[in-house]
Amino acid sequence: MATHSMSRREFARLFAMGGSAAILSHQTLLGSKPVRITYPFTSAGTVDWKTVRSQFLMPPELTVLNAANLCPSPAPVLETVYNYTQRLDSEPVPSYRAEMREVKEHTRKQLAEYLKVTPEEILITRNTSESNNWVSNGLDLKAGDEVVIFSDNHPSNNEAWKERGKRFGFIVKEVLPLNPHPGFDYYLEAFEKAMTPRTRVLSFTHLSNTVGDLFPAKELCVMARKRGIITLVDGAQSFGLLDVDLSDIQPDFYSGSAHKWPCGPKETGVLFVNKAIQDRFWPSMYSAYKGREGLAQTHEGLGQRDTPALYAFGQQIEFLRKIGQGKIEERSGDIATKIIEELQKIKGVYIYTPNERALRSAVVTFRPANLKPAKVVKALEEDGIVSASLGGEDWAGVRFSPHFYNSNSDVERAVGAIRRYLRKGL
Ligand SMILES: Cc1ncc(COP(=O)(O)O)c(C=O)c1O
């Protein structure tokens, strides 16, 4: 694969670009260099996806279909992290440090507006793993209580519940996945059957990271709420991809990472904590530098943090909001549709992800006939295509997770490579 490192000149060119797109200076803190953000709109007001792609450092010849794992950040995010770190480290004076700590509140406001909830309900964590663990650690559960989980949840969810179950004596009950996606009604019934008068918590994943199955988050939360059951919706695969409206879904908890679909900085994340549950939720960390708003005043004590990254997180959320999250969801879903359509034409390929748009989004997993998924992923990387392999008995496969920075030519390259490997062998 051709490697590419961006020279200072190229970097400067990237920021000088704009065409018909508007270039705005982001609001800056005292003395920091302004960051220029290109809002990717055509003169007709539609989104110019090529301009979106041009803001990423990934060279054009690299096809990155791995958003479900880790997304690159666009250049303005990197520039913000760099500029503010540079300023902080050149003049580490108390006044600037105090000002930098305040940036969390700007980001909190952005996150609240983006998820359609209040800033008092937003905790800025380090990632989904931490958010999920704060939930399983922060609720009073005792021997005899039950927690219902989906067995295809991520380990930061399921392993945490099971380990804490051993420690505190509560029982963990699992709802098994079925493939192909059996439909929302099947899962509503399966979760309902698993709930008993002793169930205290229901924990499931909004969009699964394995095969990309979408779950009826709102209906499951309604069902749980009627029974007084607390809900944790793991949003690692929906935050930044779907147009998530938590005022509609109304979970008790919702978790996400900035460094996945939002394309934000690394090691920043979110935990939404519904006002209705806050008096029953304990902090997992006690330290200095908590937040200024709502629950963050007691539950966000993580000590010294990477404040430039926290600021860049808010900036990136603002960027997604300006493009329109609905448009991003549609664009990523459309590219996934194209992937599914093209893979369906290849004999021997089995697609685990549902065809039906209402049951999935932009995570597509398939078995490449008799080829070993890990070998396929390695060959793809050598051909300049980034994907992921899933092990395990249930869904050994290759995962393509396209995002708004991809295009149909990425689909042609990636599916063309699969076709070639199947024809020639690996
Ligand atoms: C559904 C789900 N939950 C949680 C996580 C953990 O995310 P992070 O590594 O950002 O904490 C992942 C990561 O892939 C995930 O897919």
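Read-outs: derived from the displayed coordinates by stated rules, not from any lab. Not measured: the values here are computed from a predicted model. Neighbour counts run over all protein chains shown; Cβ positions are idealised from the backbone, glycine included.
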Among the listed pairs Lys142/Lys162; Lys173/Lys372; Lys345/Lys424, give every one whose C-alpha distance is greater than 21 Å.
Lys173/Lys372
Near the amide H of Thr125, under 5 Å away, which other amide H atoms are found, from residues 5 or more places off or on another chain, if H is placed in the peptide plane?
Gly269, Val270, Leu271
Förster-model FRET efficiency, 22 Å R0, Arg198 and Lys275, C-beta, rounded to 0.05
0.30
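Highest first, please rank the peptides 324-333, 83-92 by the mean number of other Cβ atoms sitting within 10 Å of their residues. Each step should come with its number before you reach the end.
Details: 324-333: 18.0, 83-92: 15.2.
Peptide ranking by packing, descending: 324-333, 83-92.
Using just the helices of the chain, give the 222 nm mean residue ellipticity in deg cm²/dmol: DSSP H runs with n ≥ 4 each add -39,500 (n - 2.57), and the total is spread over all residues, rounded to 500. Mind dumping the intermediate values first?
Details: 15 runs with 170 residues, N = 426.
-12000 deg cm²/dmol, from helical runs alone.
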Length gain on complete extension for the stretch Phe184 to Thr46, per 0.36 nm per residue less the alpha carbon to alpha carbon distance?
46.3 nm
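Between Glu381 and Asp243, what is the FRET efficiency for a Förster distance of 30 Å, r being their Cβ-Cβ separation, to the nearest 0.05? Spell out each step's value before the answer.
Details: r = 32 Å, r/R0 = 1.06.
Between Glu381 and Asp243 the formula returns 0.40.
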State the antiparallel share, in %, of DSSP beta bridges confined to the chain, rounding to the nearest 5.
55 percent
Straight-line reach from Lys116: which lysines fall under 27 Å, measuring Cα to Cα and dropping same-chain residues less than 8 apart?
Lys104, Lys218, Lys226, Lys260, Lys266, Lys275, Lys290, Lys322, Lys327
Solution diffusion estimate, µm²/s, Stokes-Einstein, region 293-343, Kirkwood Rh from C-alpha pairs, 4 °C, viscosity 1.567 mPa s
92 µm²/s
Log10 I(q)/I(0) at q = 0.16, 0.18 Å⁻¹ for region 103-320, from Debye over equal alpha-carbon scatterers, is -1.04, -1.31
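Please report the orientation-averaged projected area of region 81-202, defined via the convex hull of its C-alpha atoms, in nm².
On the way: hull surface 45.3 nm².
Projected over every direction and averaged, the Cα hull of region 81-202 covers 11.3 nm².
The chain: D in µm²/s via Stokes-Einstein (Kirkwood Rh, Cα pairs, 37 °C, 0.692 mPa s)? Each step should come with its number before you reach the end.
Values: Rh = 22.5 Å.
Result for D is 146 µm²/s.
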Nearby aspartates and glutamates by direct alpha-carbon distance to Lys338 (threshold 18 angstrom, same-chain neighbours under 8 apart not counted):
Asp213, Glu329, Glu330, Glu356, Asp410, Glu412
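Placing +1 at every Lys and Arg Cβ and -1 at every Asp and Glu Cβ, with all other atoms neutral, what dipole size does the chain have around its Cα centre, in debye to the nearest 20? Display every interim value, and only then the final one.
Values: 54 positive and 49 negative charges, 137 e Å.
For this selection, approximately 660 debye.
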Would you give the gap between the C-alpha center of region 249-302 and the C-alpha center of region 43-91, rounded to a whole Å?
25 Å
So what are the three principal axis dimensions of region 326-424 from its Cα atoms, in whole Å, longest to shortest?
38, 28, 22
1/(1 + (r/R0)^6) with r = Cβ-Cβ of Glu174 and Asp89, R0 = 56 Å, i.e. FRET efficiency to nearest 0.05, evaluates to 0.70
